[in-house]
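The values are calculated or read from the model by the stated rules, or taken from the named source; none is laboratory data. Because the structure is predicted, anything quoted here is derived from the model rather than measured. Ideal geometry is used to build each Cβ from the backbone, glycine not excepted, and the neighbour counts take in all protein chains shown. Side chains are part of the model used for accessible areas, which takes the heavy atoms of the whole protein and leaves out ligands, DNA and RNA. Shrake-Rupley method; radii C 1.70, N 1.55, O 1.52, S 1.80 Å.
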Amino acid sequence: MTGPTVMAPPTPPPLPRRRRRVGPTITVAIVLLVGAAAVVVVPGIVTELTPTVSDEDRRMRVSDGKSEAWIVVPAGWSWTPAFGDESGGVVGSPDRAMTVDFSLSSTTDPRTAIEEVAPGPVGDINREILADGAATEEVAYARVDDRDVVVGAITEGPVVLTFVSTPSPAYDAELARLLADIEVTR
């Protein structure tokens, strides 16, 4: 006996296999990693590069591991440490017109140190012994030819702290007061 044949419903076609896309996942992971690193690192960099100003005089230390200098930054003046380096920094006047860039030198000769930091040829180098009671022995300085810049070196024994001051001569008195309180030690 043959009866009517029952046909089975058609089977749906197999679903295509989903492929995992690795590229976008890796891209998202890298973006998140870079973002997290930026959140951690950028504030420190900004802090290092931002000048600080105080209502009181303060002593700022520069050091290269073997020697150090203490710079008294007057009230209202700014201090910006050298980025990633404790051996220097920049003092700025309240009107931001004068800056003095300080750095410990690897040389022990003031003339050589001055010539290394000068942004051009220098005139005659003058030498002065600081007043009694000052911790430093001698200040050697010179004007840079054809520029409003004074460069110099403060020495005590084998330690030399160089400076580059702009502008000059309008701020010579302020520069002299700033240099008078610096202590250089080994």
Problem - Where the range 58-176 is the region considered: accessible area per residue in Å², 1.4 Å probe - result: 48
Handout entry: Heavy-atom accessible surface of the chain: percent carbon and sulfur, 1.4 Å
Key = 58
Practice task
Report which label in (1) 58, 49, 26; (2) 135, 35, 19; (3) 132, 35, 35 holds the value of Cα extents along the principal axes in Å derived from the coordinates of this structure.
Solution key: (3)
Fill in the blank from the handout: Honestly the range 112-186 on the Cα gyration tensor test (a ≥ b ≥ c root eigenvalues; a/c under 1.5 rounded, otherwise a/b vs b/c for prolate or oblate) is just oblate
Completion exercise
Here FRET efficiency (C-beta to C-beta, Asp95 to Glu138, R₀ 45 Å, nearest 0.05) is 0.90
Handout entry: Listed residue (Ile114, Gly65, Ile154) projecting farthest to the positive dipole end of the chain, Cβ model
Key = Gly65
Exercise for the section: Decide, for the range 65-168, between rounded, prolate and oblate: order the square roots of the alpha carbon gyration tensor eigenvalues as a ≥ b ≥ c, take rounded if a/c falls under 1.5, and otherwise choose prolate if a/b is larger than b/c, else oblate. Expected result: rounded
Practice task
Return one number: the angle in degrees, 0 to 90 and rounded to the nearest 10, between the long axis of the Cα atoms of helix 22-49 and the longest principal axis of the Cα atoms of the chain.
Solution key: 20
